[in-house]
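The block underneath contains the structure these notes are about, expressed in structure tokens.
Derivation of every value follows stated rules applied to the coordinates shown; laboratory data play no part. Everything numeric here is computed off the predicted structure, so don't read it as measured data. Positions of Cβ are generated from backbone atoms using ideal geometry, with glycine treated the same way; all protein chains shown enter the neighbour counts.
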Amino acid sequence: MLKDEGVSYIKVKVKTRSKRNRVVEEGKGFLRVELKAKPTRGEANRELIKVLSRYLGVSSSDLSIVGGWTSSEKLIKVKKSVTHG
């Protein structure tokens, strides 16, 4: 996880159309997230924020995708301190 003035950034690799939603830690500051959602019309991006908010213990409003909207590799901005990770 990268930190900058009270804000953290997490690199995420997303796999869509999985059997279940889950988060796998791949290394320091890097997560692999498997989602049931399809990568159409932002469905997977919305599901990603929900899954990560539960995993990290923060509100969905504290997370935002700042890079990789249409890619499987994304950069997530976290506004608050996380309770996991």
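For the residues Lys11, Lys19, Lys50, a GNM of the chain with alpha-carbon springs under 10 Å puts the largest fluctuation on Lys19. Here the label points at Lys28 and Lys15, each 7 Å from Cα along the C-beta direction, are separated by 2.5 nm in the simple model.
When the chain is treated as a GNM with alpha-carbon contacts under 10 Å, the residue of Thr40, Thr16, Thr70 showing the greatest mean-square fluctuation is Thr40.
Using the scaling law 2.2 N^0.38 Å as the reference, what is the normalised Cα Rg of the chain?
The chain yields a ratio of 0.98.
Between the amide H of Lys36 and those of Ser18, Asn21, distances stay under 5 Å, these residues lying 5 or more places away or on another chain, with hydrogens modeled in the peptide plane. Computed about the Cα centre, the dipole magnitude for the chain is approximately 400 debye when only Lys and Arg (+1) and Asp and Glu (-1) carry charge, each at its Cβ.
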